[in-house]
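The values are calculated or read from the model by the stated rules, or taken from the named source; none is laboratory data. These numbers were taken from a predicted model, which means no experiment stands behind them. In this analysis, Cβ positions are derived from the backbone assuming ideal geometry, glycine residues included, and neighbour counts consider all displayed protein chains. The area values use the complete protein model at the heavy-atom level, side chains included, leaving out ligands, DNA and RNA. Shrake-Rupley method; radii C 1.70, N 1.55, O 1.52, S 1.80 Å.
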Amino acid sequence: AVINDGNRIIGIDDSRVYWTAALGTLDRGDDERLVDTATQNPWLDLNASDGGNNLAIARTVNGVIYVFKLNQVWRLTATGDAVKPYVAKKLSDTVGAVHHKAVCVGEDNAGNSVVYFLHTGGLYRVGPAGIEYCGRDVEGLTRPTKT
């Protein structure tokens, strides 16, 4: 999966998040170029041995980037530094997304930009208030009934 962060393309593969050079750096091929030198790497590894592989990436309208594994949620924050343009923070070790098609950007009831995602335990969202369970109203549709 890939997203656009204004002047970079950001993608995920296994447990790695990678990004292209900022547009306008060389004015040729920046949207496809990965700068990989002795002092600069175009990636971050997000717990390669924990939480499974990266499954989804989403960017809210206010520029916050979230990366989802099956049992983890990470937030990427832009640093403004050309050598290390993003820093990652793990938000959860217990919930994540089941698939890249189970993640979408939307709004919460206060109009904040959030990302909704389906976990094996139900429907969640992540945004300014952190990670919130919001599947109570649809539990009858998402969980098997007891007989």
Working only within the stretch 8-25, note down all residues that are modelled with pLDDT of 80 or more and surrounded by 15 or more Cβ atoms within 10 Å (Cβ to Cβ).
-> 8, 9, 10, 11, 12, 15, 16, 17, 18, 19, 20
Within the stretch 79-115, residues open to solvent by 30 Å² or more (accessible area, probe 1.4 Å), more than 13 Å from the chain's Cα centre (by Cα) and touching a residue at least 60 places away in the same chain (Cβ under 8 Å) come out as 82
Which numbered condition trips up residue 70, out of (1) crowded, with 19+ Cβ neighbours inside 10 Å; (2) at pLDDT 90 or above?
-> (1)
Would the stretch 26-46 turn up any residue that is at pLDDT 85 or above and open to solvent by 60 Å² or more (accessible area, probe 1.4 Å)?
-> yes
For the stretch 55-67, which residues satisfy the criterion of being surrounded by fewer than 16 Cβ atoms within 10 Å (Cβ to Cβ) and polar (S, T, N, Q)?
-> 62
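Picking from 118, 123, which residue would you name as being touching a helix residue (DSSP H, G or I) at 6+ places or on another chain (Cβ under 7 Å), buried (at least 16 other Cβ atoms within 10 Å of the Cβ) and farther than 25 Å from residue 14 by Cβ?
Values: 118 fails: farther than 25 Å from residue 14 by Cβ.
Just a single option satisfies the conditions, and that option is 123.
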For residue 52, work out the one condition from (1) open to solvent by 70 Å² or more (accessible area, probe 1.4 Å); (2) over 12 Å from the mean Cα position of the chain (by Cα); (3) under 21 Å from residue 16 (Cβ atoms) it doesn't fulfil.
-> (1)
